[in-house]
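A.B. asks: Below you'll find the structure I mean.
The values are calculated or read from the model by the stated rules, or taken from the named source; none is laboratory data. None of the values given here were measured: they were computed from a predicted structure. Every residue, glycine as well, gets a Cβ built from its backbone with ideal geometry; the counts of neighbours run over all protein chains shown. Ligands, DNA and RNA are excluded from the accessible area calculation, which covers all protein heavy atoms including side chains. Shrake-Rupley method; radii C 1.70, N 1.55, O 1.52, S 1.80 Å.
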Amino acid sequence: QEMAAQTAMRAAAAAILLAGVCMVAFAVVEHTSAKPSELLSPLQVGRYAVRAERQSKDYDEKAERQIAFATDNDNAASGERDLAAKEEDRARQSAYLAADLKSRIDKVLEAGRDQVNQATKLKAKAGRLQNMAAELLGKAKTEKETAAALKAKYYKTMDDYGKAVKKIDESTMQAQQILDQMNSQSLTLAQVATEYGTATDHGRNPGAPTAAALKGKLQAAQKDLAAITAQKAKADEDTKNARKLADQYQPMIIQAEKDKRSSDFHFQEFAHMTHQADELQDRADALLARADTIDGLIQSTQGELSSKRKQFEHYKNRAQTEMAISLQAEDKEALLRKQAREARYKAAELSDKARRLRALAQKGVNNVMESTEDNK
C-alpha cells in the first residue's frame with residue numbers, strides 16, 4: 001500500500017508539474033503582445049512538464065531534508081532540555097550540599113572560636129596562677145632567708161653562751177680544786193700544828209729536840225696554805241667574772257630564744273607559702289594541660305575545617321559548572337527549536353513552490369488539451 005501511495009503521489013506530481021509547465025508557456029504567449037499569439041506544441045509542453053516535475057521533485061526533496069533537519073533539531077532540543085533539567089537538578093543538589101557544608105563550616109568555626117577563647121582564658125588564668133606562685137616563692141625565699149639569719153644568730157649566741165658557761169664551769173672546777181687543796185693543806189697544817197704543840201708541850205718547851213723540825217714543817221705548811229689561799233681568791237674572782245658574763249648573756253639568751261621562735265615561725269611561713277605556691281603551680285599545670293588538650297582539638301578542628309572548605313569549594317564549583325551546563329543546554333535548545341521552526345518554514349515554502357509549479361504545469365497541459373480539441 002505504501003508503494004502504491006508513493007506511485008500515485010509521483011503520478012500526481014508529474015501531472016501537476018506538466019500542468020505547471022503548460023501554464024508557464026501559456027502565460028508567456030499571453031503576455032507577448034508584440035508578436036502574434038502562438039501555442040506550444042504538445043512536445044514542448046511535455047518537455048516543460050518534465051522539467052517542472054524535476055523541479056518540483058527537487059523542491060520536495062529539499063522540503064523533506066528541511067523537515068528531517070527540523071525533526072533532528074527537535075529531538076536534539078528535547079535531549080538538551082532533558083540535559084538542562086538533569087544538570088539543573090544536579091546543580092540544585094550540589095548547591096544544597098554546598099549550603100549544608102557552609103552551615104557545618106559556620107558551626108565548626110563557632111566551635112573553633114569557642115575553643116580558642118577557652119584555651120586563651122585557661123592560659124591567661126594559668127599565667128596569673130604562675131605569677132602568684134612566683135610571688136609566693138619570692139616571699140617564701142625572704143621568709144627562709146630571715147629564718148636562716150635568725151637561726152644563725154641564735155646558734156651564734158648559744159655558742160657564745162656555751163663558751164661562757166664552759167668558762168664558768170672551768171673556773172668553778174678550778175676554784176673547787178683550790179678549795180679542796182686548801183682543805184687538805186689546812187688538815188696538814190692542823191696536824192703539824194698539833195704535833196708541834198705536843199712536841200713543845202704547848203709552848204712550854206720550845207727547845208725540845210723535835211720542835212725545830214716540826215716548826216720548819218709548820219712554817220712550810222703555812223706558806224703552802226697561803227699560796228693556795230691566794231689562788232683561791234683569784235679563782236673566786238674568775239668565777240665571779242664568769243657569772244657576771246653569764247648574767248650579761250641572760251637577756252641575749254632570751255632574745256635568742258625569741259629569735260629561734262621567730263625563725264621557726266618564718267620557716268613555717270616559708271613552708272606554708274611554698275606549699276601554696278606548689279598548689280598554684282599544680283593548678284596552673286592542670287590548666288595548661290587542659291589548654292594543650294584544647295589546642296589539640298583546635299588543630300583537629302582546623303583540619304576538619306580545611307577538609308570541609310575543600311568540599312564546599314568542590315560542591316560550589318560543581319554547582320556553578322552544572323548550572324552553566326544547564327543554561328548552555330537551554331540556550332542550545334532554544335537555538336535548535338529556532339532552527340527547527342526555520343527549517344519547517346523553509347520546507348513549507350518549498351512545498352508551496354512545488355505545489356504552485358505543479359499547478360501551473362497542470363494548467364498548461366489543460367490549455368494544450370483544450371487547444372487541440374478546438375483545432376479538431
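A.B. asks: Give the lysines reachable from Lys62 as a straight Cα distance under 17 Å; neighbours fewer than 8 places away on the same chain don't count.
C.D. replies: Lys346, Lys353
A.B. asks: Give me the net charge of Leu357's neighbourhood, meaning all other residues with Cβ under 12 Å from the Cβ of Leu357; Lys, Arg count +1, Asp, Glu -1. Please report the intermediate quantities before stating the final value.
C.D. replies: On the way: positive: Arg51, Arg54, Lys57, Lys353, Arg355, Arg356, Arg358, Lys363; negative: Glu53, Asp58, Asp60, Asp352.
Summing Lys/Arg as +1 and Asp/Glu as -1 gives +4.
A.B. asks: If the viscosity is 0.890 mPa s and the temperature 25 °C, what translational diffusion coefficient in µm²/s does Stokes-Einstein give for region 284-376 when Rh comes from Kirkwood over Cα pairs?
C.D. replies: Values: Rh = 21.3 Å.
Taking Rh from Cα pairs, D becomes 115 µm²/s.
A.B. asks: How far apart, in nm, are the 7 Å Cα→Cβ label points at Gln255 and Lys156?
C.D. replies: Spacing of the two 7 Å Cα→Cβ label points: 1.2 nm.
A.B. asks: Right, here's the next one. What list of ³J(HN,Hα) values in whole Hz, one per residue of region 222-236 in order, does the Karplus curve 6.51 cos²θ - 1.76 cosθ + 1.60 (θ = phi - 60°) give from phi, with Gly and Pro shown as x?
C.D. replies: For region 222-236, the Karplus curve yields 4, 5, 5, 5, 5, 5, 5, 5, 4, 4, 4, 5, 5, 5, 5 Hz.
A.B. asks: Something else about it: Going toward the positive end of the dipole of region 259-314, with +1 on Lys and Arg Cβ and -1 on Asp and Glu Cβ, which of Leu288, Phe270, Gln311 do you reach last?
C.D. replies: Of the candidates, Gln311 comes out farthest on the positive side.
A.B. asks: Note down the nm distance, to one decimal, between modelled labels 7 Å out along Cα→Cβ at Lys234 and at Ser78.
C.D. replies: 14.9
A.B. asks: From largest accessible area down, sort Thr239, Thr229; use a 1.4 Å probe on the protein chains. Please report the intermediate quantities before stating the final value.
C.D. replies: Details: Thr239 20, Thr229 60 Å².
Result, largest first: Thr229, Thr239.
A.B. asks: What full-extension length gain, to one decimal in nm, is calculated for Arg65 and Glu110 as 0.36 nm per residue of separation minus the Cα-Cα distance? Write down the numbers at each step before the final one.
C.D. replies: Details: separation 45, 0.36 × 45 = 16.20 nm, distance 6.51 nm.
Answer, rounded to one decimal: 9.7 nm.
A.B. asks: Tell me the carbon and sulfur percent of the accessible area for region 244-351, rounded to whole percent, probe radius 1.4 Å. Kindly include the intermediate steps, with their values, before the conclusion.
C.D. replies: On the way: 3780 of 7020 Å².
C and S fraction of accessible area: 54 percent.
A.B. asks: Once ligands and nucleic acids are excluded and a 1.4 Å probe is used, how much of His314 is accessible, expressed in Å² to the nearest 10?
C.D. replies: 100
A.B. asks: Run the simple label-point estimate for Leu335 and Arg47 please: 7 Å along Cα→C-beta, distance reported in nm.
C.D. replies: The answer from the label model is 4.8 nm.
A.B. asks: Note down the accessible area of Arg113, probe 1.4 Å, to the nearest 10 Å².
C.D. replies: 130
A.B. asks: Also: By the scheme Lys and Arg +1, Asp and Glu -1, what is the net charge of all other residues having a beta-carbon under 14 Å from that of Lys258?
C.D. replies: Here the count lands on +1.
A.B. asks: When Lys and Arg each count +1 and Asp and Glu each count -1, what net charge do the other residues less than 12 Å away from Arg104, Cβ to Cβ, add up to? It would help to have the intermediate numbers written out before the result.
C.D. replies: Details: positive: Lys102, Lys107, Lys308, Arg309; negative: Asp100, Asp106, Glu110, Glu304.
Combined, the nearby Lys, Arg, Asp and Glu give 0.
A.B. asks: Let me ask another. Average the reciprocal distances over every distinct pair of alpha-carbons in region 64-133, invert the result, and give the Kirkwood radius in Å.
C.D. replies: Hydrodynamic radius (Kirkwood, Cα pairs) of region 64-133 is 17.4 Å.
A.B. asks: Could you give log10 I(q)/I(0) at q = 0.10, 0.21, 0.25 Å⁻¹ for region 240-328, computed by the Debye formula over C-alpha point scatterers of equal weight, without solvent?
C.D. replies: These q points yield log10 I(q)/I(0) values of -0.65, -1.00, -1.10.
A.B. asks: Right, something else. Mind grabbing the accessible area of Ile67 for me, 1.4 Å probe, Å², rounded to tens?
C.D. replies: For Ile67, the solvent-accessible surface is approximately 80 Å².
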